[in-house]
Structures are given as structure tokens and as C-alpha cells.
Number of protein chains: 2
Amino acid sequence: MKNEYIDIDTLKFLLYHVHNIEDLLDKDRFKEYDKTAIDIFIDSIKTFSDTALFPFIKDMDENPSYFKDGKIHIHSQFENILKNAGEMGLVGAMYDFDNGGLQLPATIFHAAYYIMEAANNHVPGYFGLTAGSANLILSFGSQMLKDTYVPNMLDLTWGGTMCLTEPQAGSSLSDIATSATPTKEDYYLIKGQKIFISAGDHQFSNNFVHLVLARIQGAPSGIKGVSLFVVPKNRPVGDGELVYNNVAIAGEFEKMGQKGYCTTHIVFGDNDDCRGWLVGEPNKGLSYMFQMMNEARIATGRMGAAIASAAYHSSLKYANERPQGRKLNSTGQKNSEEEQTLIINHPDIKRMLLNQKAIVEGSLSLIIETANYLDKEMTSSSKEEKDKYDLLLELLTPIAKTYPAEQGIKSTSDAIQILGGYGFCFDFMPQQYYRDIRIIALYEGTTGIQSLDLLGRKITIQNGKAVDLLAEEIMMSINEANKYDELKPYSKILLENLSLTKNVINDLIPYAAKGNYERYLADATIFMEFFGTIVLGWQWLKVAVKAKKILVEGNTDQPDLFYKSKIHTMKFFFTYELVKTKGLSKILMNTEELTTKISNDIFN
Amino acid sequence: MKNEYIDIDTLKFLLYHVHNIEDLLDKDRFKEYDKTAIDIFIDSIKTFSDTALFPFIKDMDENPSYFKDGKIHIHSQFENILKNAGEMGLVGAMYDFDNGGLQLPATIFHAAYYIMEAANNHVPGYFGLTAGSANLILSFGSQMLKDTYVPNMLDLTWGGTMCLTEPQAGSSLSDIATSATPTKEDYYLIKGQKIFISAGDHQFSNNFVHLVLARIQGAPSGIKGVSLFVVPKNRPVGDGELVYNNVAIAGEFEKMGQKGYCTTHIVFGDNDDCRGWLVGEPNKGLSYMFQMMNEARIATGRMGAAIASAAYHSSLKYANERPQGRKLNSTGQKNSEEEQTLIINHPDIKRMLLNQKAIVEGSLSLIIETANYLDKEMTSSSKEEKDKYDLLLELLTPIAKTYPAEQGIKSTSDAIQILGGYGFCFDFMPQQYYRDIRIIALYEGTTGIQSLDLLGRKITIQNGKAVDLLAEEIMMSINEANKYDELKPYSKILLENLSLTKNVINDLIPYAAKGNYERYLADATIFMEFFGTIVLGWQWLKVAVKAKKILVEGNTDQPDLFYKSKIHTMKFFFTYELVKTKGLSKILMNTEELTTKISNDIFN
């Protein structure tokens, strides 16, 4: 199943050459691993994806998860998948050896999940959320919570979830109303409703460990009164016995895509017998949950890039096989006596393939970069270094979530377009990927929420220190590129874009300084598109530098065309995408206030 | 059902004020109608849409058309819908009174279908294709064909289709292989397969009249050997008796959207007993079919604008009802003690609503403009005038098809985004509109095909005369706008864009002149986006001019805010969309040839 949904050679090129993952393996934390071990791990994930995941993606769409008699039912293939994933250690892939994990770098963890999600995006959330919730318990929970819950989550006997959203609150976490009433015992009584809970229940795990945001009675209003609880569906009462903990499944949200991945409505404590155990200190729940939310943001962006990869490869396969039309001759005519040409020979098809390649591979590079900052932060030898990577991680996280989502939606639409009418039909995959990927711009904070985080928090953090650090990183790539004549024109463009970014930020900051935060943030989503495009331009320049270096040095382990294709795609990205930042900067610097100073009644 | 899917006040403002439809009613052809009669017609269409169409759109999605036992089955509500539509004269709305039609202007025909498609886009194709195919017979068919087929099509007792696409040819009509063998009688024997035939069969019409492109044996290769035939599913043999004509339904294409509108696979003559009657002269089939294709292109764009309208109104309703989050105060904080605000109060939501409003109403204005050129051409008093409107119609047709399709896809995505997670769920409509509208960029020639038509044919026609004529029309709007200080900055921007258009065309033409047609057309799709955005800018300026004029003259028949909202939306379009043309022009004028001079192997 070569290249049916992913290009493993490109993934490895990004890991080993562009992002120098081998440097990480020298660190103490990862010293058990060498390149061979990592390759074996990645190849085993690919085999698992080829055999257990990819063959079922269409069937999971056609036989969605559903709610019946108080239970969620998911596709029968999950029994085998979950068993294998548990045995392979996919939940604890990043955890310390001491906690039963594989202690792999985050980069490798994300690479593995990327492969699985490209093969079948309906699946890996079931392990990913279990990984995130168990990690939350490991990070902030008591020894009792760790001992009671983590071992069963590690092998997927039990599933884990994050329960944030409530019907009346949506993204507004300060309006969480689920209540936690203290008792004389070590637990609280939990009562409330949570919606949109991914992987919230199914027939193949005999228990679920919900990480629930709730408000202890009497707590301050807003986010300062939100605490985090472990609330099992069934509570262990010793000797492996489980007692139902009054966690009722109220329904399943029927969605237009990602239908195999259940999205549940959970009611806690409708009989006032739902027990929850506090994680860490009271009223600090949101700060703990942010660890998992930040992981989940990178994971969501990764899933977007992965779905876009599958769509790209599906449309590439079609373009390589489908004859239609003819090339124009020098009088602008076609010779109908000639055989039809393959559609990949039409420039418009090539443009759509290059656009997909640029978005897919560029997004993947950004995901790896972001994960790499996490690895570097975890293994840094000084506080200064740790702080630096922490800031870079903070800055890139909302972009790593959003760029692959928003641009992946567009690139997946190109995959449909390449197939023409067939692209809209159930007989081919692009329409499914197009439906599946649309959720990525909504999960874990919509694009609007991520954009507020980027412009409202991350850009202004420590007086813009994160942006300065990123600019230093980008300058390093620019300086590298300047060593090669072929790349100089592009490093110049990226430099101009860095300077444009400064202009835009300098233009906007005064609004915030004067207290006009509404105006400052009004076009945050446009800023995300603007800044995200520049960050991707940086990733592509970085990719091209490494490809060029390998070609010049003759250090190839792939055909030359492999490296040339990276340089070509960088040029495409700069010519067709990065060129748009100027127009976006004009939107950002416009002074008309068209979305802030206008009555709602103009719509009515 | 006020404003659940359409804003009728805006439709009427565009018809009567922006596009001065009343001028048409002075023409001889339309003298039976006055404004009151048109209003009554439009209002009756709205009532029909409210009661018979809109209530069934969700159910048609949930119960798609399907193939069983050699037949296509469509939703049961169609029995009532088709009966009523037949009685209302919707098929012959534009035909001459002499042909049993209502002899309405094209603008009113399209306005009526726009309302119906906004209410339920799965429906009107069944009448629209019957209208187009009967019109083809009226235009080019023999008296026998007219007498035999048209009367039963007019009241929808029989349906009509256009049969172009074949499995091996797709959009490449020169590769049509369906054969027509002459006989000693007045008919040919037809043999071949056609796919993607919209409205190709169903249980509620007892006959279908297929307009089929086929090749008479011995005809030249390519499009010069394609002829047009009337091929009934059942042939009338006198006294109303019908004999099966060997037109077999082989299947239904299952699609991700527009599921109520069947898409069939038809096999003609598998038993060598399928009779077809030539329309007009041999080998001229494609030129005849272009009449219907051009009508269908405008209709398809119209349907895109209509679906986007429904999505816009659906998300607007939600934004007006859903409380979530709070406004920021002057320290950038939210007060969680306050009640939550309606989401329409958030600038990012307003931006997405304004974007939708700009795309929906601007696209509708473009559709009306295009239809108006058809009306003016039909009623013109001199050859010069006729030629002028004919050229303008030719130029705008691919844009009127494509802009609402491509931008409607984006605006419908905004509708999902406004609903957050709910937007992805079957409980709400945006996800359905998002699935439905995706086909619009594929129907009747994909965006790539339309773009080749625009840049390859329409821009170069008569040495650029069509563009010159359009520039004159745009200049008239600019001059009007210059009368008002508020509009001057925008007319200046539009003027700059006209000049930018000339630069781009002058930059590209030399490639064609030197015989490098591949390079000339390589970025045709980008040119479509570039030129389409400018044409929409013109439509918005035209709308704003009329709104301003009415306000200044105090000639209002709506609240002032109605007219101000049009001017505001124009400003939004110029500030957020038209600003992108500069970047697009840079792509068009780049000299890198990244999609033409590159081996296919870079993808493999």
C-alpha cells in the first residue's frame, strides 16, 4: 500500500534531515533509542496502519457510531484495533519508562499518530485522548489516582476523555456550571452535563475515566472557580470490581464526517450518586487542563494535516491513472486524433497537486517543529533554554492547530476538484476526507478561539518575546538559505514578510495599549491566516535549504528528484501562497472598523 | 417563514432598483407585465417555496434518491411538487406565449428559480433541465419534434435531460463515442452510455426526453463530428401510446450532497433498438447544445448563490439567538458576573456574517446582471446593441457560474463556523448546505473548464472587445459613484483594479501570440478568481450607488438601515476581498512556470 495515504520517505526526511531528530536521541531522556530503533517503530506503525486501519476507513463512514439503549456502539473492527494499540504501547508512547511508557520523543509520538490518522482519522482519537487524560493524572493527580486509573488506561482496557464543553457555555469555559459538592469522604459529588465528548463511551472498553471541569460549591465565578476531577464511569471498589458511578450516556451527536469517532453527550449525577476525585488543588482546574488542551491542539492540527495527506495521495493516484483531454498545440488547438493524455499533464491539475503537496508537507513540518520544541523544552539543560522553547511552543501551538485545519480544508477541496464529478461521489475517497476534515477547524477551540489566543495572548506575551524568539529562528533559516543562489530570492521574500509582520503588529498594538481590545482583536482570524502563511513559508524555506544542502553535498539517500521536488514545492508555496500576505496585511491595517462599529440590525 | 433562507426585500431591491427591471417591461416582448404582475409572480413562488419546498429539504437529504430494479426512486414529496410546478408554468416561464410559455424576462425566471433553490436546492433542477431541453427542441428541432415532445414537457408530465458526459470522456466532449446509425426511416439507432445525467429518471414522470450528443457513423473526429438527438425513454407511437425505446437506467451515483436530485447512469440501445431523432443539421450538435449549456451555467451559478443564501440565513438566525462569551472591557478582561452576550456581538462572527452577505448578495446581483444582458439581447432594437449584449453575456457567463460556486463554498463554510461544533452536526442545516454546494464547482464544466473558457475564449474574443465593453459598463458605475463623496474612495479602488486587469491581460497575451498556449492558460483558474473578484467589486459598487442615491433623494421604501447595510457591505467587500486582487495579479504575472515545466515524477 505504498503512497495510498502518506509518503513515508517525506516524513522521514522531515524528521531526520529537516528537524534533526537524531540530535534529540543524544539526550539522556532518549538515549535508549537510536535511528534504527525509531525506524523500526515507525515502520511497525505503518504496517499496523496498512493492515488494521486504512482498510476500514470507508466502512466506518458507512457504519457510523450510534446510540442505542443508553450505550454508544462503535465499528466492530475497533475491538481488534484497541487491543493491538494497547499492546503496542501507543497510549504511553511519550510517558516515562517509570510510568510504564515508551519514553519516546514527542516528535516520534506525533509522527506515529500522523501515520495512523492519514490511514484512518476515525481511529487514533480513541488512544490519543486516553493518552492525554492519563498524562493529566500522572502530571497533577495524587498517587491514589495514578495507581487506580493509569495502569488500565495504558493498555486501553479503560478509555479516557476530557470533558469541558457544556450546552449553555460552548467555548466559554468561564460559564461551566457542572457542580462538585464536597463530602466527608475523599470524593465530591458531581452533577452536570457535558457535550461533544469525543470517545466518550463504547462497547470495547469496560470503563471510562473522564477528566471533568466542574465548579466546587462556593467557588469564585468565572475560570478562577473551575476545578478538575477524575470521574470514572464505573468506580473501582477493590479487587477489580467496578460499581456504576451514575455517569449516563444521553446520546450521540450525528455528524457529517468522522462518523466512526463517537461524539457523546454525558450526564453526570442525575441520581446524585456520581463521585469525582479532585485533581491537584481546587480552582486550578483550567491551568491543569491546559496541558491536555495544548497537546490536543497539536494533535488536532496533526490530524488535519494527516487527512489532507490522505486526500492528496488519493487524488494523485487518480491523476496518474485517468486519461482526459489533450495538450494544446502551438495554434491553441487540440488534435482529436491523438490519444487522450493523463490529467496530471494539465497545468491546472499540477497546480492543485502542488498546492496540496505544499499544504500537506508544510503542515507536517510545522507539526514536527512544534513537537520538537516540546522535546527540546523537556530535555533542556538550563532554565533559559527551557523558557525559550516553552515560549516558542506556546506561540506555535495555535498556528499548528489552525493552519493545517483551515488550509487542509482547502487542499482537500482540491482533491475533490481533481476527480471532477467523481470527486463528489461515494465511490471515491476525497468526498469523505472533505467531510471528515471540516471538524478540524472546530475541535479544541475553533479557528476564532485559536486566533484570539494567538493575537491576544501569544503575540503580547512578555512584551513580544515569543515573536522575537521565533524571528531569530526564522533568521537562522534565512541565513542558511542565503548560502545558495537558487534560494536567495526566496529568503529575501521571507525577510520582507518578517518585516511586514513587525509593521502589522506595531500597527495593531496601540489599540490594545489604549484599551480598545475589541478593535485590537477584531481581525484576529485574518492575523492567524497572515502569520500562519509566513510561518509555513519559513517551514518551506527550511525544507528547501536541507534539500539543497543534500543535493550540493551529494549526500542523497533518495533520487535527486526527491530533493528537487522539495525545492520546487517551496517555490510554488512562495509564488502562489506567500504572495497573499501583503493583501492580508492591508486588511489587518485598515482603519474602517467595519465589524466593530456597526449595529446588528444591518443583518435583519 | 420570513428570512429563513432568503431575503426577498434584497432580491426585489436588486431587480427593481439596481438592475432596473421595469425598463424591460416597457419592451414589446414583456408588455403584458407590469411591476404588480411581477410582484405577484415572485410572491407566489415564495409561497410555493415556503410550503412545498423548504419543509422537505432535510428529509430529502436523509432519504436520498436511489436505484432499484432498473428504476430511480425519488422522494415522495416530488409527486406534489412536480404537479404544482407544471401547473404554475415553471418550465415554460421564459418561452413565447405562442409556445405555451409565460414569456417572462430571463431576470424574473432566474429570480424565481433562485428563491426555489434557496428553499430547497434538491428540487428545481427537475424543472430547469426540462425547461432547457424543451427550449433546445423549440430552438432547433423540427415541427414534428416540437409537436411530439414539448407539450408534455411543459406541464412536467414528461421530464427532459441533457446527456453529454460519457465515462471515458468526462469534460472532453471531443471524445464522445455514443454512436448514431442512420436508418431508412426518419430516425437513427443510438448506442452508448451516458453518466452523471441529472434528473435522468424517476417514478413521477411517465417519460423522459433525453437530448443526447452522439456521433453519426463516419462523422469527422472531435467536436466537429458531434450531432444532437432527441432520444425518448419511451417513444410515442400515436394516440398517446408509449413504446419502450431501449433506454435503460443502469444506476444512480451516490453523492455526498444534493441527494434528493438524482444523478443517473443511462445506457442507450443495449438491445440495438434505441431510436433517436436528429435535431437540426448533422455535426452541429455542440453548437446547439451550447445554448442549453450556457443557460445551465447561469442556472448553476444561481443555485450556488441560492444555497449560500440559505446557509447565510441559517447561521444568521443562530447568531441572533445563541448567547456565548462576553465583550472585552478596556483592560482586556471579561466580567464573568455579566450575562453572556449573543454571539452576533462578537466582531469575528460579524465578519463571517458580512462575508456571507457580501458573497450571497453580490453573487445574486451578478446572476441578475447576466440574465439582464440576455433579456436586453433578446429585446434589442439594433444589431449593434444585440451584439454588444451578446458579447457581455458570453463574457459574464463563466464568471456567473464560477464565482458563486467557489466563493459560495467558502461562505457556506463560514456558516458552519458560526455554529461551532453544532455546525458539523446533522441537527443543524449548515453542514447540509456545505455538502450540497460542493457540487456547484463541478456541474456544467468544472471551475478549471470555466476558467479556460474565460481566459482562452472570452477574453480574446474579437481582440478583447468583450472586455472593452465590460470596462465601459464598469466605468459607468464608477462615474455614478463619483457623484457621492462617501463612495469616491471605492470607485478609485475599482478604477485601479480595471487598470490592473489590463496589465495582467497585456502580460499574458504575448504567450498566446507566440503560440505558448499552455503557459497562457496555465493559471486560468487564478485569473478567474482575480477577474471574478473585480467583477463582484463592480456589482457591489453598483449596489452601493443605488442605495446611496435612494438615501440622498429620500426615495426609500425600506428603512434607511436597509440601504446603509448595502453601502456597508460594499465597503466590507472592498476592504476584505477586493484587496486580494493585487496578490492574485502577482501570481498571474510570475515568470517561474512552476506548473508547466516540471516532470510528473516530482509527485511520485
Check your understanding: Given the structure, is A:SER411 open to solvent by less than 10 Å² (accessible area, probe 1.4 Å) and either in contact with an Asp or Glu (Cβ under 9 Å, 6 or more places away or on another chain) or more than 8 Å from every other protein chain (Cβ to nearest Cβ) (or both)?
Key -> yes
Review point. Out of curiosity, is B:ALA310 farther than 30 Å from B:ILE399 by Cα and not in a loop (DSSP other than H, G, I, E, B)?
Key: no
Study note, to complete from the structure: Restricting attention to the stretch B:422-456, the residues that are without any contact (Cβ under 8 Å) to a residue 60 or more places away in the chain and more than 10 Å from chain A (Cβ to nearest Cβ) number exactly 1
Revision key, fill the gap. Being touching a helix residue (DSSP H, G or I) at 6+ places or on another chain (Cβ under 6 Å) and either hydrophobic (A, V, I, L, M, F, W, C) or away from every other protein chain (no Cβ under 14 Å) (or both) narrows A:VAL230, A:VAL212, A:VAL267, A:VAL237 down to just A:VAL230
Exercise for review: Hey, can you tell me all the residues within the stretch B:487-519 that are under 16 Å from B:MET570 (Cβ atoms) and within 12 Å of chain A (Cβ to nearest Cβ)?
Suggested key: B:PRO489, B:TYR490, B:ILE493
Point to revise | B:SER363 being open to solvent by less than 10 Å² (accessible area, probe 1.4 Å) and within 21 Å of B:PHE13 (Cβ to Cβ) | key: yes
**Study point:** Test set (1) farther than 20 Å from B:PRO398 by Cβ; (2) open to solvent by 10 Å² or more (accessible area, probe 1.4 Å); (3) within 24 Å of the chain's Cα centre (by Cα); (4) not acidic (Asp, Glu) - B:THR525 fails condition number
**Key:** (1)
**Study point:** Within the stretch B:545-571, tally of residues that are open to solvent by less than 60 Å² (accessible area, probe 1.4 Å) and either facing another protein chain (nearest Cβ under 7 Å) or out of contact with any Ser or Thr (no Cβ under 7 Å at 6 or more places or on another chain) (or both)
**Key:** 15
Practice item. Only residues that are assigned to a helix (DSSP H, G or I), at pLDDT 95 or above and surrounded by fewer than 24 Cβ atoms within 10 Å (Cβ to Cβ): list them for the stretch B:151-186, please. Key: B:PRO151, B:ASN152, B:LEU154
Check your understanding: Which number in (1) in a helix (DSSP H, G or I); (2) touching a helix residue (DSSP H, G or I) at 6+ places or on another chain (Cβ under 9 Å); (3) β-branched (Val, Ile, Thr) marks the one condition that A:THR51 misses?
Key -> (2)
Review point. Looking at the stretch A:292-319, which of the residues that are at pLDDT below 95 and open to solvent by less than 50 Å² (accessible area, probe 1.4 Å) is farthest from the other protein chains (Cβ to nearest Cβ)?
Key: A:ASN294
Exercise for review: Output the number of residues of the stretch B:292-344 satisfying the condition of being of a type in the set (Val, Ile, Thr) and closer than 24 Å to B:LEU374 by Cα.
Suggested key: 3
Check your understanding: Here are B:LEU578, B:LEU551, B:LEU541: which of them is in contact (Cβ under 8 Å) with a residue 12 or more places away in the chain, under 23 Å from A:SER585 (Cβ atoms) and aliphatic (A, V, I, L, M)?
Key -> B:LEU578
Practice item. Select from the stretch A:572-597 the residues that are farther than 19 Å from A:TYR403 by Cα, within 7 Å of chain B (Cβ to nearest Cβ) and open to solvent by 40 Å² or more (accessible area, probe 1.4 Å) and write down the one among them that is modelled with the lowest pLDDT. Key: A:GLU592
Check your understanding: A:ILE416: part of a helix (DSSP H, G or I), buried (at least 24 other Cβ atoms within 10 Å of the Cβ) and in contact with a Phe, Trp or Tyr (Cβ under 7 Å, 6 or more places away or on another chain), yes or no?
Key -> yes
Check your understanding: Which members of the stretch B:461-487 meet the condition of being open to solvent by less than 90 Å² (accessible area, probe 1.4 Å), without any contact (Cβ under 8 Å) to a residue 40 or more places away in the chain and part of a helix (DSSP H, G or I)?
Key -> B:ASP468, B:ALA471, B:MET475, B:ASN479
Review point. Inside the stretch A:59-70, can you point out the residues that are modelled with pLDDT of 95 or more and either at positive phi or open to solvent by 70 Å² or more (accessible area, probe 1.4 Å) (or both)?
Key: A:GLU62, A:ASN63, A:TYR66, A:PHE67, A:LYS68
Practice item. Please enumerate the residues belonging to the stretch B:1-25 that are at pLDDT 95 or above and part of a loop (DSSP other than H, G, I, E, B). Key: B:TYR5, B:ILE6, B:ASP7, B:HIS19, B:ASN20
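Every residue, every condition in (1) modelled with pLDDT under 95; (2) in a helix (DSSP H, G or I); (3) in contact with a helix residue (DSSP H, G or I) (Cβ under 9 Å, 6 or more places away or on another chain); (4) within 14 Å of another protein chain (Cβ to nearest Cβ), yes or no:
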{"site": "A:GLY325", "(1), (2), (3), (4)": "yes, no, yes, yes"}
{"site": "A:ASN329", "(1), (2), (3), (4)": "yes, no, yes, yes"}
{"site": "A:GLY362", "(1), (2), (3), (4)": "no, yes, yes, no"}
{"site": "A:ASN372", "(1), (2), (3), (4)": "no, yes, yes, no"}
{"site": "A:ASP387", "(1), (2), (3), (4)": "no, yes, yes, no"}
{"site": "A:ALA400", "(1), (2), (3), (4)": "no, yes, yes, no"}
{"site": "A:ALA405", "(1), (2), (3), (4)": "no, yes, yes, yes"}
{"site": "A:GLY420", "(1), (2), (3), (4)": "no, yes, yes, yes"}
Revision key, fill the gap. The residue that is nearest to A:ILE38 (Cα to Cα), considering only those in the stretch A:96-130 that are open to solvent by less than 10 Å² (accessible area, probe 1.4 Å), aromatic (Phe, Trp, Tyr) and over 13 Å from the mean Cα position of the chain (by Cα), is A:PHE127
Revision key, fill the gap. Those residues of the stretch A:335-356 which are charged (D, E, K, R) and more than 7 Å from chain B (Cβ to nearest Cβ) amount to A:GLU338, A:GLU339
Review point. Taking B:GLU444, is it in contact with a Phe, Trp or Tyr (Cβ under 8 Å, 6 or more places away or on another chain) and either charged (D, E, K, R) or open to solvent by 10 Å² or more (accessible area, probe 1.4 Å) (or both)?
Key: no
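The values are calculated or read from the model by the stated rules, or taken from the named source; none is laboratory data. None of the values given here were measured: they were computed from a predicted structure. With ideal geometry, Cβ positions are generated from the backbone for all residues, glycine too; neighbour counts draw on all protein chains shown. Calculation scope for accessible area: heavy atoms of the full protein, side chains included, ligands and nucleic acids excluded. Shrake-Rupley method; radii C 1.70, N 1.55, O 1.52, S 1.80 Å.
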